[in-house]
Amino acid sequence: MFTPRKVIGLIIISVFLWTSCQKNSKVFKPTTTIIDGQFTSIQGPVIIFQGKNEIKVPVDPSGKFRIDTKLEAAGVYKISFGFDALSVFLIPGDKISVTGDVRTLLSGTKFTGDHANENNFLLSFENLKQTSQPSDFQSFFSQSEEEFITAIEKRTNDLNQHQQEYQKQNGPFETIFAEIISQDLKYDEAIVKLNFPIYHKYYNPDQSLQLSDTYDSFLQNTEIDSDESLMVPNYKQFLGSYLEYKAETDSTLENTPAAEAKFNIIKSVFQSPNVKDWLLYDLMSQTLDMSVNNAASLIKPYNDLQKNEEYKLEINNRFRQWEPLLKGKTAPDFVCTSIDGKNISLKSLEGKLVYIDVWATWCGPCLRELPYLEKLQNEFKRDDLTFVSISIDENKTAWQNMVKEKGMKGLQLFSENAWSSPLVSSYMISGIPRFILIGKDGNIIDANAPRPSSPEIRQILSAGTGS
(Lines give C-alpha, C1' and ligand atoms only; values in the text may rest on other atoms or scores of the structure.)
Protein backbone atom coordinates (compact mmCIF):
# COMPACT_ATOMS: atom_id res chain seq x y z
CA MET A 1 0.00 0.00 0.00
CA PHE A 2 1.42 3.39 -0.98
CA THR A 3 1.02 6.64 0.94
CA PRO A 4 1.70 10.09 -0.54
CA ARG A 5 5.38 10.09 0.46
CA LYS A 6 6.38 6.68 1.76
CA VAL A 7 5.97 2.93 1.55
CA ILE A 8 4.52 1.28 4.62
CA GLY A 9 6.25 -2.00 5.41
CA LEU A 10 6.98 -4.19 8.36
CA ILE A 11 9.30 -1.72 10.06
CA ILE A 12 8.44 -0.72 13.62
CA ILE A 13 10.13 2.43 14.94
CA SER A 14 9.95 2.90 18.68
CA VAL A 15 11.96 3.78 21.78
CA PHE A 16 13.82 1.14 23.75
CA LEU A 17 14.78 1.90 27.34
CA TRP A 18 16.91 -0.22 29.66
CA THR A 19 16.12 0.32 33.35
CA SER A 20 16.69 -1.17 36.78
CA CYS A 21 14.35 -4.13 36.12
CA GLN A 22 17.06 -5.96 34.16
CA LYS A 23 20.02 -7.90 35.48
CA ASN A 24 23.29 -5.92 35.57
CA SER A 25 21.44 -2.66 34.80
CA LYS A 26 21.78 0.52 36.79
CA VAL A 27 19.41 3.02 38.35
CA PHE A 28 19.89 6.55 37.07
CA LYS A 29 18.69 9.89 38.33
CA PRO A 30 17.38 12.24 35.62
CA THR A 31 20.57 13.63 34.11
CA THR A 32 21.16 16.13 31.32
CA THR A 33 22.19 14.34 28.13
CA ILE A 34 23.44 16.17 25.04
CA ILE A 35 23.58 15.16 21.38
CA ASP A 36 24.82 17.73 18.91
CA GLY A 37 25.20 17.08 15.24
CA GLN A 38 25.00 18.12 11.63
CA PHE A 39 23.29 16.25 8.79
CA THR A 40 22.93 17.19 5.17
CA SER A 41 19.73 16.52 3.20
CA ILE A 42 17.42 17.04 6.18
CA GLN A 43 13.91 17.79 4.90
CA GLY A 44 12.09 20.28 7.12
CA PRO A 45 13.00 22.66 9.95
CA VAL A 46 12.88 20.10 12.80
CA ILE A 47 13.96 16.60 13.77
CA ILE A 48 12.35 14.47 16.49
CA PHE A 49 14.08 12.85 19.44
CA GLN A 50 12.01 9.88 20.59
CA GLY A 51 12.26 9.27 24.31
CA LYS A 52 9.41 8.80 26.77
CA ASN A 53 7.92 11.72 24.90
CA GLU A 54 8.71 13.11 21.47
CA ILE A 55 10.89 16.22 21.51
CA LYS A 56 10.94 18.42 18.41
CA VAL A 57 14.38 19.90 17.85
CA PRO A 58 15.02 22.82 15.47
CA VAL A 59 17.54 22.43 12.66
CA ASP A 60 19.38 25.41 11.19
CA PRO A 61 19.81 25.85 7.39
CA SER A 62 23.19 24.08 7.46
CA GLY A 63 21.68 20.98 9.13
CA LYS A 64 23.05 21.64 12.62
CA PHE A 65 21.02 20.68 15.71
CA ARG A 66 21.44 20.18 19.45
CA ILE A 67 19.37 17.83 21.61
CA ASP A 68 19.56 18.79 25.27
CA THR A 69 17.33 16.67 27.48
CA LYS A 70 17.20 14.91 30.85
CA LEU A 71 17.21 11.11 30.66
CA GLU A 72 16.65 8.64 33.47
CA ALA A 73 17.20 5.38 31.59
CA ALA A 74 19.96 3.86 29.49
CA GLY A 75 18.90 2.39 26.18
CA VAL A 76 18.56 2.72 22.43
CA TYR A 77 16.67 5.87 21.46
CA LYS A 78 15.67 7.19 18.04
CA ILE A 79 16.32 10.40 16.17
CA SER A 80 13.81 10.80 13.34
CA PHE A 81 14.56 12.78 10.17
CA GLY A 82 11.12 12.78 8.56
CA PHE A 83 10.58 9.16 7.49
CA ASP A 84 14.16 8.10 8.26
CA ALA A 85 15.40 7.26 11.76
CA LEU A 86 18.75 6.75 13.45
CA SER A 87 19.27 4.51 16.50
CA VAL A 88 21.34 6.01 19.33
CA PHE A 89 22.54 4.23 22.47
CA LEU A 90 22.56 6.59 25.43
CA ILE A 91 23.32 6.47 29.13
CA PRO A 92 22.06 9.48 31.11
CA GLY A 93 24.74 12.16 31.20
CA ASP A 94 26.27 11.25 27.84
CA LYS A 95 27.62 13.91 25.50
CA ILE A 96 27.65 12.75 21.88
CA SER A 97 28.35 14.29 18.50
CA VAL A 98 27.06 12.85 15.24
CA THR A 99 27.47 13.85 11.59
CA GLY A 100 26.29 12.43 8.30
CA ASP A 101 23.86 12.57 5.39
CA VAL A 102 20.21 11.56 5.79
CA ARG A 103 20.36 9.85 2.38
CA THR A 104 23.07 7.46 3.64
CA LEU A 105 22.30 7.11 7.34
CA LEU A 106 23.85 3.68 7.89
CA SER A 107 26.91 4.07 5.70
CA GLY A 108 27.70 7.78 6.03
CA THR A 109 27.09 8.56 9.73
CA LYS A 110 29.84 8.89 12.35
CA PHE A 111 29.60 9.19 16.14
CA THR A 112 32.17 10.73 18.48
CA GLY A 113 32.03 11.29 22.23
CA ASP A 114 30.56 9.06 24.92
CA HIS A 115 29.73 5.51 23.79
CA ALA A 116 30.82 6.26 20.24
CA ASN A 117 32.02 2.64 20.05
CA GLU A 118 28.55 1.25 20.71
CA ASN A 119 26.83 3.72 18.40
CA ASN A 120 29.20 3.16 15.49
CA PHE A 121 28.63 -0.57 15.98
CA LEU A 122 24.85 -0.02 15.76
CA LEU A 123 25.36 1.52 12.33
CA SER A 124 27.35 -1.44 11.02
CA PHE A 125 25.04 -3.92 12.77
CA GLU A 126 21.87 -2.47 11.21
CA ASN A 127 23.59 -2.29 7.84
CA LEU A 128 24.58 -5.98 8.06
CA LYS A 129 21.04 -6.93 9.05
CA GLN A 130 19.70 -5.22 5.94
CA THR A 131 22.32 -6.56 3.53
CA SER A 132 21.97 -10.11 4.91
CA GLN A 133 18.27 -10.22 4.06
CA PRO A 134 17.56 -12.80 1.33
CA SER A 135 17.62 -11.31 -2.17
CA ASP A 136 14.78 -13.62 -3.25
CA PHE A 137 12.12 -13.82 -0.56
CA GLN A 138 10.01 -16.28 -2.51
CA SER A 139 12.83 -18.80 -2.80
CA PHE A 140 13.92 -18.20 0.79
CA PHE A 141 10.49 -18.88 2.28
CA SER A 142 9.77 -21.72 -0.15
CA GLN A 143 12.57 -23.89 1.23
CA SER A 144 11.97 -27.03 3.24
CA GLU A 145 11.90 -26.63 7.01
CA GLU A 146 15.38 -28.14 7.36
CA GLU A 147 16.88 -25.89 4.67
CA PHE A 148 15.20 -22.82 6.15
CA ILE A 149 16.44 -23.50 9.70
CA THR A 150 19.98 -23.97 8.40
CA ALA A 151 19.82 -20.66 6.50
CA ILE A 152 18.41 -18.60 9.36
CA GLU A 153 20.82 -20.02 11.92
CA LYS A 154 23.72 -19.20 9.60
CA ARG A 155 22.46 -15.60 9.44
CA THR A 156 22.36 -15.40 13.24
CA ASN A 157 25.86 -16.87 13.49
CA ASP A 158 27.10 -14.28 10.99
CA LEU A 159 25.58 -11.47 13.06
CA ASN A 160 27.13 -12.87 16.24
CA GLN A 161 30.49 -13.22 14.52
CA HIS A 162 30.29 -9.62 13.31
CA GLN A 163 29.66 -8.45 16.88
CA GLN A 164 32.62 -10.42 18.24
CA GLU A 165 34.98 -9.23 15.51
CA TYR A 166 33.90 -5.64 16.02
CA GLN A 167 34.69 -5.81 19.75
CA LYS A 168 38.08 -7.40 19.08
CA GLN A 169 38.98 -4.47 16.86
CA ASN A 170 37.30 -1.64 18.78
CA GLY A 171 37.09 -2.75 22.41
CA PRO A 172 34.36 -4.25 24.62
CA PHE A 173 30.85 -2.86 24.91
CA GLU A 174 29.15 -1.31 27.91
CA THR A 175 27.52 -4.20 29.83
CA ILE A 176 23.99 -2.82 29.41
CA PHE A 177 24.47 -2.44 25.67
CA ALA A 178 25.92 -5.95 25.30
CA GLU A 179 22.82 -7.41 26.99
CA ILE A 180 20.50 -5.43 24.72
CA ILE A 181 22.24 -6.73 21.59
CA SER A 182 22.29 -10.32 22.87
CA GLN A 183 18.55 -10.39 23.50
CA ASP A 184 17.83 -8.46 20.33
CA LEU A 185 19.52 -11.18 18.26
CA LYS A 186 17.34 -13.87 19.85
CA TYR A 187 14.18 -11.99 18.94
CA ASP A 188 15.51 -11.26 15.45
CA GLU A 189 15.89 -15.00 14.78
CA ALA A 190 12.53 -15.84 16.37
CA ILE A 191 10.73 -13.32 14.16
CA VAL A 192 11.93 -14.96 10.96
CA LYS A 193 11.10 -18.45 12.25
CA LEU A 194 7.58 -17.35 13.18
CA ASN A 195 7.13 -15.83 9.74
CA PHE A 196 8.22 -18.97 7.88
CA PRO A 197 4.91 -20.93 7.74
CA ILE A 198 2.94 -17.77 6.94
CA TYR A 199 5.17 -16.68 4.06
CA HIS A 200 5.58 -20.24 2.81
CA LYS A 201 1.80 -20.45 2.44
CA TYR A 202 1.67 -17.02 0.78
CA TYR A 203 4.27 -17.92 -1.86
CA ASN A 204 3.02 -21.52 -2.30
CA PRO A 205 -0.79 -21.41 -1.92
CA ASP A 206 -1.21 -24.80 -3.59
CA GLN A 207 1.28 -26.57 -1.33
CA SER A 208 0.71 -27.99 2.14
CA LEU A 209 3.52 -27.34 4.64
CA GLN A 210 3.74 -29.91 7.42
CA LEU A 211 5.96 -28.54 10.17
CA SER A 212 7.78 -30.92 12.48
CA ASP A 213 6.38 -31.40 15.98
CA THR A 214 9.41 -29.62 17.41
CA TYR A 215 9.46 -26.68 14.98
CA ASP A 216 8.32 -24.05 17.48
CA SER A 217 10.45 -25.40 20.34
CA PHE A 218 12.52 -22.20 20.10
CA LEU A 219 9.62 -20.42 21.81
CA GLN A 220 10.29 -22.39 25.00
CA ASN A 221 13.52 -20.44 25.47
CA THR A 222 12.07 -17.12 24.31
CA GLU A 223 10.71 -14.54 26.75
CA ILE A 224 7.22 -14.03 25.36
CA ASP A 225 5.42 -12.11 28.09
CA SER A 226 7.68 -9.69 29.92
CA ASP A 227 7.38 -5.97 30.63
CA GLU A 228 11.19 -5.78 30.80
CA SER A 229 11.50 -7.16 27.28
CA LEU A 230 9.62 -4.15 25.92
CA MET A 231 12.99 -2.44 26.25
CA VAL A 232 14.65 -4.76 23.71
CA PRO A 233 14.54 -3.37 20.14
CA ASN A 234 13.10 -6.39 18.30
CA TYR A 235 10.62 -7.42 21.02
CA LYS A 236 7.62 -5.49 19.72
CA GLN A 237 8.12 -6.82 16.21
CA PHE A 238 8.46 -10.29 17.75
CA LEU A 239 5.10 -9.84 19.49
CA GLY A 240 3.44 -8.97 16.19
CA SER A 241 4.92 -12.05 14.50
CA TYR A 242 3.94 -14.22 17.46
CA LEU A 243 0.29 -13.13 17.20
CA GLU A 244 0.26 -13.77 13.44
CA TYR A 245 1.80 -17.20 13.95
CA LYS A 246 -0.61 -18.25 16.69
CA ALA A 247 -3.67 -16.94 14.83
CA GLU A 248 -2.57 -18.85 11.73
CA THR A 249 -1.58 -22.16 13.34
CA ASP A 250 -3.96 -22.53 16.32
CA SER A 251 -6.69 -24.92 15.13
CA THR A 252 -9.13 -23.64 17.76
CA LEU A 253 -9.07 -20.23 16.03
CA GLU A 254 -9.48 -21.57 12.49
CA ASN A 255 -12.88 -19.98 11.80
CA THR A 256 -12.32 -16.84 13.87
CA PRO A 257 -11.70 -13.49 12.12
CA ALA A 258 -8.03 -12.52 12.37
CA ALA A 259 -8.49 -9.44 14.56
CA GLU A 260 -10.76 -11.29 16.97
CA ALA A 261 -8.37 -14.26 17.08
CA LYS A 262 -5.46 -12.00 17.99
CA PHE A 263 -7.56 -10.25 20.63
CA ASN A 264 -8.37 -13.61 22.21
CA ILE A 265 -4.69 -14.60 22.21
CA ILE A 266 -3.71 -11.34 23.92
CA LYS A 267 -6.44 -11.82 26.50
CA SER A 268 -5.51 -15.43 27.33
CA VAL A 269 -1.70 -15.49 26.95
CA PHE A 270 -0.39 -12.15 28.17
CA GLN A 271 -0.40 -11.11 31.82
CA SER A 272 2.36 -8.47 32.00
CA PRO A 273 0.42 -5.18 32.25
CA ASN A 274 2.49 -3.01 29.92
CA VAL A 275 2.83 -5.75 27.31
CA LYS A 276 -0.91 -6.44 27.29
CA ASP A 277 -1.79 -2.74 27.11
CA TRP A 278 0.61 -2.15 24.20
CA LEU A 279 -0.57 -5.22 22.29
CA LEU A 280 -4.22 -4.23 22.66
CA TYR A 281 -3.41 -0.70 21.49
CA ASP A 282 -1.34 -1.91 18.52
CA LEU A 283 -4.01 -4.43 17.46
CA MET A 284 -6.79 -1.85 17.57
CA SER A 285 -4.65 0.70 15.75
CA GLN A 286 -3.99 -1.75 12.91
CA THR A 287 -7.60 -2.96 12.85
CA LEU A 288 -8.91 0.59 12.50
CA ASP A 289 -6.64 1.11 9.50
CA MET A 290 -7.77 -2.17 7.92
CA SER A 291 -11.49 -2.37 8.77
CA VAL A 292 -13.61 -0.07 10.90
CA ASN A 293 -16.32 -2.76 10.81
CA ASN A 294 -13.98 -5.22 12.54
CA ALA A 295 -12.84 -2.53 14.96
CA ALA A 296 -16.46 -1.84 15.90
CA SER A 297 -16.90 -5.42 17.09
CA LEU A 298 -13.83 -5.11 19.34
CA ILE A 299 -14.15 -1.58 20.72
CA LYS A 300 -16.20 -2.53 23.80
CA PRO A 301 -14.05 -5.51 24.86
CA TYR A 302 -10.99 -3.36 24.14
CA ASN A 303 -12.21 -0.64 26.49
CA ASP A 304 -13.00 -3.24 29.14
CA LEU A 305 -9.49 -4.74 28.97
CA GLN A 306 -7.28 -1.71 28.24
CA LYS A 307 -5.77 -0.20 31.42
CA ASN A 308 -3.58 2.47 29.84
CA GLU A 309 -5.76 5.58 29.71
CA GLU A 310 -3.65 7.33 27.05
CA TYR A 311 -3.92 4.31 24.74
CA LYS A 312 -7.65 4.07 25.42
CA LEU A 313 -8.23 7.76 24.70
CA GLU A 314 -6.31 7.68 21.41
CA ILE A 315 -8.08 4.57 20.09
CA ASN A 316 -11.52 5.89 21.01
CA ASN A 317 -10.80 9.25 19.37
CA ARG A 318 -9.70 7.48 16.19
CA PHE A 319 -12.72 5.19 16.27
CA ARG A 320 -15.02 8.23 16.45
CA GLN A 321 -13.28 9.62 13.35
CA TRP A 322 -13.92 6.35 11.49
CA GLU A 323 -17.47 5.87 12.78
CA PRO A 324 -19.18 7.71 9.88
CA LEU A 325 -17.74 5.01 7.58
CA LEU A 326 -19.26 2.05 9.43
CA LYS A 327 -21.40 -0.46 7.56
CA GLY A 328 -24.93 0.92 7.12
CA LYS A 329 -23.93 4.60 7.25
CA THR A 330 -24.77 6.86 4.33
CA ALA A 331 -21.84 6.89 1.93
CA PRO A 332 -20.29 10.38 1.59
CA ASP A 333 -21.08 11.75 -1.85
CA PHE A 334 -18.36 12.91 -4.22
CA VAL A 335 -18.10 14.28 -7.74
CA CYS A 336 -15.33 13.19 -10.11
CA THR A 337 -14.57 13.69 -13.80
CA SER A 338 -15.06 10.82 -16.23
CA ILE A 339 -12.59 9.98 -18.99
CA ASP A 340 -14.82 11.81 -21.48
CA GLY A 341 -15.02 14.95 -19.30
CA LYS A 342 -18.41 14.50 -17.62
CA ASN A 343 -19.03 15.12 -13.91
CA ILE A 344 -20.17 11.92 -12.19
CA SER A 345 -21.39 11.78 -8.58
CA LEU A 346 -21.72 8.76 -6.33
CA LYS A 347 -25.34 9.81 -5.77
CA SER A 348 -26.06 9.27 -9.48
CA LEU A 349 -25.13 5.57 -9.10
CA GLU A 350 -27.78 4.76 -6.47
CA GLY A 351 -29.71 1.60 -7.26
CA LYS A 352 -26.52 -0.25 -8.13
CA LEU A 353 -23.93 -2.08 -6.11
CA VAL A 354 -20.76 0.03 -6.49
CA TYR A 355 -17.25 -1.40 -6.15
CA ILE A 356 -14.72 1.44 -6.08
CA ASP A 357 -10.98 1.22 -6.72
CA VAL A 358 -8.99 4.30 -5.60
CA TRP A 359 -5.64 4.17 -7.36
CA ALA A 360 -2.89 6.09 -9.21
CA THR A 361 -0.69 5.39 -12.22
CA TRP A 362 2.52 5.59 -10.13
CA CYS A 363 1.35 3.09 -7.50
CA GLY A 364 2.89 -0.37 -7.99
CA PRO A 365 0.45 -2.30 -5.74
CA CYS A 366 -2.43 -0.55 -7.54
CA LEU A 367 -1.17 -1.73 -10.93
CA ARG A 368 -0.73 -5.29 -9.65
CA GLU A 369 -4.43 -5.39 -8.81
CA LEU A 370 -5.57 -4.27 -12.28
CA PRO A 371 -5.52 -7.75 -13.92
CA TYR A 372 -7.56 -9.14 -11.03
CA LEU A 373 -9.99 -6.24 -11.31
CA GLU A 374 -10.42 -6.85 -15.04
CA LYS A 375 -11.09 -10.52 -14.32
CA LEU A 376 -13.77 -9.54 -11.80
CA GLN A 377 -15.37 -7.21 -14.33
CA ASN A 378 -15.53 -10.00 -16.89
CA GLU A 379 -16.88 -12.47 -14.36
CA PHE A 380 -19.56 -10.24 -12.83
CA LYS A 381 -21.35 -8.57 -15.72
CA ARG A 382 -24.61 -7.45 -14.13
CA ASP A 383 -26.84 -4.44 -14.62
CA ASP A 384 -27.04 -3.90 -10.86
CA LEU A 385 -23.25 -3.80 -10.36
CA THR A 386 -20.88 -0.99 -11.34
CA PHE A 387 -17.10 -1.05 -11.17
CA VAL A 388 -15.67 2.43 -10.57
CA SER A 389 -11.96 3.26 -10.76
CA ILE A 390 -10.97 6.66 -9.35
CA SER A 391 -7.49 8.04 -9.99
CA ILE A 392 -5.91 10.42 -7.48
CA ASP A 393 -3.00 11.20 -9.80
CA GLU A 394 -1.68 14.73 -9.81
CA ASN A 395 -0.90 14.31 -13.50
CA LYS A 396 -4.24 14.03 -15.29
CA THR A 397 -2.59 13.32 -18.64
CA ALA A 398 -0.74 10.32 -17.22
CA TRP A 399 -4.11 8.93 -16.05
CA GLN A 400 -5.79 9.55 -19.39
CA ASN A 401 -2.95 7.89 -21.29
CA MET A 402 -2.89 4.78 -19.09
CA VAL A 403 -6.67 4.30 -19.25
CA LYS A 404 -6.54 4.44 -23.05
CA GLU A 405 -3.37 2.38 -23.47
CA LYS A 406 -4.59 -0.42 -21.19
CA GLY A 407 -8.16 -0.26 -22.46
CA MET A 408 -9.35 -0.13 -18.86
CA LYS A 409 -12.96 -1.13 -18.34
CA GLY A 410 -15.61 0.08 -15.95
CA LEU A 411 -16.35 3.69 -15.04
CA GLN A 412 -13.03 5.55 -15.12
CA LEU A 413 -13.00 8.73 -13.02
CA PHE A 414 -10.45 11.35 -12.00
CA SER A 415 -10.46 13.02 -8.57
CA GLU A 416 -9.15 16.58 -8.78
CA ASN A 417 -6.60 17.77 -6.17
CA ALA A 418 -5.21 14.26 -5.60
CA TRP A 419 -4.50 13.69 -1.88
CA SER A 420 -6.31 16.92 -0.99
CA SER A 421 -9.54 15.89 -2.71
CA PRO A 422 -12.87 15.56 -0.83
CA LEU A 423 -12.91 11.85 -1.73
CA VAL A 424 -9.65 11.23 0.13
CA SER A 425 -10.69 13.17 3.24
CA SER A 426 -14.27 11.85 3.37
CA TYR A 427 -13.16 8.22 3.21
CA MET A 428 -10.02 8.74 5.33
CA ILE A 429 -7.73 7.40 2.62
CA SER A 430 -4.09 7.39 3.73
CA GLY A 431 -2.78 4.72 1.36
CA ILE A 432 -3.67 3.13 -1.96
CA PRO A 433 -4.96 0.97 -3.47
CA ARG A 434 -8.12 1.37 -1.45
CA PHE A 435 -11.33 -0.47 -2.31
CA ILE A 436 -14.80 0.61 -1.18
CA LEU A 437 -18.12 -1.20 -1.52
CA ILE A 438 -21.37 0.80 -1.58
CA GLY A 439 -24.82 -0.80 -1.45
CA LYS A 440 -27.72 -0.20 -3.82
CA ASP A 441 -29.33 2.02 -1.18
CA GLY A 442 -26.32 4.36 -1.14
CA ASN A 443 -25.13 3.10 2.23
CA ILE A 444 -21.66 1.83 3.02
CA ILE A 445 -21.10 -1.92 3.03
CA ASP A 446 -17.35 -1.82 3.53
CA ALA A 447 -15.21 1.34 3.52
CA ASN A 448 -12.11 -0.85 3.24
CA ALA A 449 -13.36 -3.70 1.06
CA PRO A 450 -11.35 -6.78 0.00
CA ARG A 451 -9.05 -6.38 -2.98
CA PRO A 452 -9.85 -7.91 -6.39
CA SER A 453 -7.04 -10.44 -5.81
CA SER A 454 -8.68 -11.77 -2.63
CA PRO A 455 -11.16 -14.66 -2.70
CA GLU A 456 -13.42 -12.78 -0.26
CA ILE A 457 -14.58 -10.23 -2.82
CA ARG A 458 -15.86 -12.98 -5.12
CA GLN A 459 -17.93 -14.43 -2.30
CA ILE A 460 -19.39 -10.99 -1.57
CA LEU A 461 -20.23 -10.17 -5.17
CA SER A 462 -21.59 -13.65 -5.79
CA ALA A 463 -24.13 -13.07 -3.03
CA GLY A 464 -25.60 -10.43 -5.32
CA THR A 465 -26.28 -7.75 -2.74
CA GLY A 466 -22.82 -7.29 -1.25
CA SER A 467 -24.34 -7.25 2.21
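Some values worked out for this structure:
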item	result
Odd one out for Asp94 among (1) modelled with pLDDT of 95 or more; (2) among the acidic types (Asp, Glu); (3) out of contact with any Asp or Glu (no Cβ under 6 Å at 6 or more places or on another chain)	(3)
Answer residue from segment 223-238, given it is surrounded by fewer than 19 Cβ atoms within 10 Å (Cβ to Cβ) and not in a helix (DSSP H, G or I) and is modelled with the lowest pLDDT among those	Asp227
Checking Glu379 against (1) at pLDDT 95 or above; (2) among the charged types (D, E, K, R); (3) more than 32 Å from the chain's Cα centre (by Cα), the condition it does not meet	(1)
Residues of segment 437-447 that turn out to be touching a Phe, Trp or Tyr at 6+ places or on another chain (Cβ under 7 Å) and either without any contact (Cβ under 8 Å) to a residue 40 or more places away in the chain or assigned to a loop (DSSP other than H, G, I, E, B) (or both), as a count	1
Members of segment 98-118 that are among the polar types (S, T, N, Q) and surrounded by fewer than 16 Cβ atoms within 10 Å (Cβ to Cβ)	Thr104, Ser107, Thr112
Leading residue by the ranking (farthest from the chain's Cα centre (by Cα)) among those in segment 327-357 that are among the acidic types (Asp, Glu) and under 13 Å from Ile438 (Cα atoms)	Glu350
Any hit, segment 257-264, residues being under 23 Å from Leu123 (Cβ atoms) and either over 19 Å from the mean Cα position of the chain (by Cα) or outside any helix (DSSP H, G or I) (or both)	no
Strands (runs of 3 or more DSSP E) contained in segment 42-87 and holding at least 3 residues crowded, with 19+ Cβ neighbours inside 10 Å	64-71, 74-81
Of the criteria (1) in a loop (DSSP other than H, G, I, E, B); (2) touching a Lys or Arg at 6+ places or on another chain (Cβ under 7 Å); (3) of a type outside the set (Gly, Ala, Ser), which one Thr99 fails	(1)
Residues located in segment 421-467, provided they are touching a Gly at 6+ places or on another chain (Cβ under 6 Å) and polar (S, T, N, Q)	Asn443
Close pairs (6 angstrom Cβ cut-off, 6 or more residues apart or separate chains): farther than 13 Å from Thr99 by Cα in segment 109-123, of a type in the set (Gly, Ala, Ser) and assigned to a strand (DSSP E or B) anywhere	Leu122/Ser87
Cross-chain or 6+ apart pairs with Cβ under 9 Å, segment 69-98 first and closer than 13 Å to Ile47 by Cα, then among the basic types (Lys, Arg)	Gly82/Arg5; Gly82/Lys6; Phe83/Arg5; Phe83/Lys6; Asp84/Arg103; Ala85/Lys78; Leu86/Lys78
Every pair of residues 6+ apart whose Cβ atoms lie under 7 Å, when the first sits in segment 297-325 and is more than 13 Å from Asp282 (Cβ to Cβ) while the second is surrounded by fewer than 15 Cβ atoms within 10 Å (Cβ to Cβ)	Leu305/Lys267; Lys307/Pro273; Lys312/Asn303
Leu313 among the aliphatic types (A, V, I, L, M) and either surrounded by 13 or more Cβ atoms within 10 Å (Cβ to Cβ) or not in a helix (DSSP H, G or I) (or both)	no
Condition met for Thr397 (more than 29 Å from the chain's Cα centre (by Cα), in a helix (DSSP H, G or I) and either of a type outside the set (Lys, Arg) or at positive phi (or both))	yes
Single condition Ala258 does not satisfy, out of (1) within 19 Å of Glu223 (Cα to Cα); (2) among the hydrophobic types (A, V, I, L, M, F, W, C); (3) without any contact (Cβ under 8 Å) to a residue 12 or more places away in the chain	(1)
All positions within segment 448-467 that are polar (S, T, N, Q), free of Cβ contacts under 8 Å to residues at least 40 places away in the same chain and either under 20 Å from Trp359 (Cβ atoms) or crowded, with 21+ Cβ neighbours inside 10 Å (or both)	Ser454
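Let's see how each residue does on (1) surrounded by fewer than 20 Cβ atoms within 10 Å (Cβ to Cβ); (2) assigned to a helix (DSSP H, G or I):
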site	(1), (2)
Lys327	yes, no
Gly341	yes, no
Gly351	yes, no
Val354	no, no
Trp362	yes, no
Pro365	yes, yes
Lys381	yes, no
Asp393	yes, no
Gln412	no, no
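The values are calculated or read from the model by the stated rules, or taken from the named source; none is laboratory data. The structure displayed is predicted, hence computed values, not measured ones. So basically every Cβ, Gly included, is an ideal-geometry build from the backbone, and we count neighbours across all protein chains shown.
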